[in-house]
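The values are calculated or read from the model by the stated rules, or taken from the named source; none is laboratory data. Since the model is a prediction, treat every value here as computed from it, not as a measurement. Cβ atoms come from the backbone with ideal geometry, glycine included; neighbour counts cover every protein chain shown.
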Amino acid sequence: MIFDLERESNPILQYAKTRGLRLILIFFIFLLFASCSGKVSHDELNKVLIPWPNEVVWDDDAFYPGEALSIQVTGARLEEIADHFATEVSPYLGITKVSKGVQGDLTLKLDPLTDLPKEGYRLEITADGIHITATGQEGIYYGLNSLKQLIRFNYNKDQAWAIPTGTIRDAPRFSWRGVMLDESRHFFGMEQVKQLLDLMAEHKLNKFHWHLTDEPAWRIEIQAYPRLTEIGSRGDWSNSSQEAKFYTQEQVREIVQYAAQRQIEIIPEIDMPGHASAANRAYPEFSGGGNPEHPGFTFNPGKEGTYAYLTTILEEVAALFPSEYIHLGGDEVHFANQQWLQDPEVRSLMEREGFENLKEVEYYFLQRISDALRAMGKKTAGWDEIASAGLDHHESMIFWWRHDKPGVLHDALDRGYKTVLCPRIPLYFDFIQHPTHQYGRTWKGFGDTLGVYHFPDSAWSGLGGKDLVMGIQSCIWTERIATKERLDFMTWPRLTAMSEAAWTQPEAKSYERFLERLPHFYVFYDKLQIAYFDLFDPESTPEPVWNDGPNWQQNHNTE
Ligand code: ACM
């Protein structure tokens with residue numbers, strides 16, 4: 001195991017568990033106190049900021065917002081962000097816009113000359129007004145996001161309330177702060193995806209990797225190939241006769257726009273050449289076969305028509321998603337590509353190109369599809385298997401997932417690939433998060449909140465090529481997650497911990513303080529009816545059973 005993390009026996013966690021109830025009690029006593037005084041202590045105020053900002057300095061004055069805040073926005077690009085903020089704080093405050101030259105209560109300013117890093121912001125709260133400065137619109141959004149957390153906490157509907165004065169100067173540790181959701185195994189739909197995007201935005205997470213195709217189902221409308229959804233979107237992991245469920249292109253556009261309003265980019269994944277069974281049920285003429293366990297698992301790399309077919313599909317996908325990268329999967333092809341050796345067209349490809357083994361065929365396929373993406377103005381992203389495919393490192397990005405293969409990560413970095421760290425342990429959220437849990441995966445370990453919080457610090461000092469590490473990402477695979485309740489339970493509070501791991505610099509991180517703040521996040525989850533796991537009191541939130549279907553036995557216990 002390369003990440004030698006402290007585990008459940010950790011004294012902080014034990015301590016946190018026993019004092020969990022006490023913390024919650026203190027939190028409510030504090031709320032009572034705050035509601036009487038109209039002003040809050042700085043310690044309590046610190047607890048509401050998620051993820052923890054890198055520099056926070058409070059002073060002793062206060063800003064009284066009254067019933068409405070006037071906003072002065074400099075620059076048209078910020079108008080939309082200001083409108084979004086107005087909607088988000090509307091339960092607490094009205095927002096009015098003032099014209100240029102008039103001093104508002106809240107000033108948003110893009111200043112390319114400040115020394116703030118990309119996505120960074122400065123939020124200054126003075127007795128006379130609030131100023132947010134950033135070099136780019138993301139920074140303004142994140143500054144408003146922190147302000148929203150302060151407003152939400154300080155707001156009191158019964159009396160005049162105030163926001164303490166001070167300055168937050170903040171910027172993310174990593175530029176890639178991602179979440180992957182697998183909607184092939186189980187489909188969750190628009191409302192659930194929008195809630196996840198809302199919560200990602202709350203946590204300043206900025207990349208949503210959408211795993212849309214795999215063995216059980218194909219989930220995105222492709223107009224040139226309608227059977228992909230007519231046939232390919234039927235079924236899921238629990239039930240192969242589940243009715244067709246997929247996103248229309250109109251819905252995809254809506255989700256992409258919804259995410260963009262929250263400064264989140266969506267990276268679609270169309271998995272190939274393996275994990276293609278659903279597509280191959282719809283268009284078997286492009287199948288490269290599989291095996292009894294994984295029927296029709298691969299696309300056929302020997303057929304010219306396969307490349308034209310996939311290029312057309314990817315052109316439609318590329319037109320829907322403005323992201324720089326499209327994720328091609330590329331994982332686990334060896335699971336079921338042995339039929340390639342019997343396929344006359346693959347054999348003639350091998351002869352023609354002088355390939356000696358199936359790895360070379362796999363890399364040829366990836367190279368061709370990657371070239372097709374480049375012609376569309378897109379770069380290639382893929383799981384860590386593609387790091388040895390010889391793709392241009394300027395045009396490709398690697399997602400390191402095999403935690404038991406650190407050499408693959410080092411190799412990808414040595415070859416100059418930008419890389420996102422998403423190792424199974426601790427960042428696959430289909431793994432259990434507590435020793436008493438039984439429905440999720442384990443693999444000589446699992447990913448608890450502590451492990452997530454400390455990632456990747458324990459391995460960081462020894463890692464070469466850090467500049468190429470774009471960031472970290474949780475992956476929510478859904479073989480064992482069929483319901484919203486279970487999705488929430490497996491995600492929270494681990495994703496809150498990951499947001500701080502992704503955003504906050506190691507010097508400013510503290511798991512002990514994170515645990516002190518956690519009861520506040522629980523109140524927030526409760527308001528949204530999110531069925532999180534309470535790590536202070538596991539028995540109070542029992543693990544939701546997996547909604548077992550015909551595949552239950554097969555998947556109950558995989559190491
Ligand atoms: C993966 O978990 N197969 C990327």
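Among the candidates THR114, THR96, the residue that is surrounded by 14 or more Cβ atoms within 10 Å (Cβ to Cβ), modelled with pLDDT under 95 and of a type in the set (Ser, Thr, Tyr) is uniquely THR114. If only residues of the stretch 291-318 that are of a type outside the set (Val, Ile, Thr) and either within 23 Å of the chain's Cα centre (by Cα) or within 16 Å of the ligand (Cβ to nearest atom) (or both) are counted, the one that is farthest from ALA276 (Cα to Cα) is ALA318. For the stretch 268-319, the set of residues classified as acidic (Asp, Glu), surrounded by fewer than 24 Cβ atoms within 10 Å (Cβ to Cβ) and touching a residue at least 40 places away in the same chain (Cβ under 8 Å) consists of GLU293, GLU315, GLU316, listed by residue number.
You will find that of ARG402, ARG480, ARG441, ARG486, the residue that is surrounded by fewer than 19 Cβ atoms within 10 Å (Cβ to Cβ) and farther than 24 Å from GLU265 by Cβ is ARG402 and no other. Would you mind stating whether ILE125 is touching a Pro at 6+ places or on another chain (Cβ under 8 Å), over 22 Å from SER499 (Cβ atoms) and not in a loop (DSSP other than H, G, I, E, B)? Spelling it out, ILE125 is indeed touching a Pro at 6+ places or on another chain (Cβ under 8 Å), over 22 Å from SER499 (Cβ atoms) and not in a loop (DSSP other than H, G, I, E, B).
Number of residues in the stretch 346-357 that are of a type outside the set (Asp, Glu) and over 20 Å from GLY305 (Cβ atoms) equals 2. A single member of LEU45, LEU144, LEU69 is out of contact with any Asp or Glu (no Cβ under 7 Å at 6 or more places or on another chain) and either under 23 Å from ASN206 (Cα atoms) or in a strand (DSSP E or B) (or both), and it is LEU144. Taking the stretch 460-490 as the search range and keeping residues that are out of contact with any helix residue (DSSP H, G or I) (no Cβ under 8 Å at 6 or more places or on another chain) and in contact (Cβ under 8 Å) with a residue 60 or more places away in the chain, which one is farthest from ASP411 (Cα to Cα)? Of everything passing the filter in the stretch 460-490, THR483 is farthest from ASP411 (Cα to Cα). If you go through the stretch 460-488 and pick out every residue that is within 16 Å of the ligand (Cβ to nearest atom) and assigned to a strand (DSSP E or B), you end up with 5.
Within the stretch 498-511, does at least one residue satisfy the condition of being touching a His at 6+ places or on another chain (Cβ under 6 Å) and either in a loop (DSSP other than H, G, I, E, B) or not basic (Lys, Arg) (or both)?
So in the stretch 498-511, the residues touching a His at 6+ places or on another chain (Cβ under 6 Å) come out as 499.
From what's left, either in a loop (DSSP other than H, G, I, E, B) or not basic (Lys, Arg) (or both): 499.
Yes; the residues of the stretch 498-511 include at least one that is touching a His at 6+ places or on another chain (Cβ under 6 Å) and either in a loop (DSSP other than H, G, I, E, B) or not basic (Lys, Arg) (or both).
For the stretch 422-444, a tally of residues being within 18 Å of ALA459 (Cα to Cα) and within 13 Å of the ligand (Cβ to nearest atom) returns 6.
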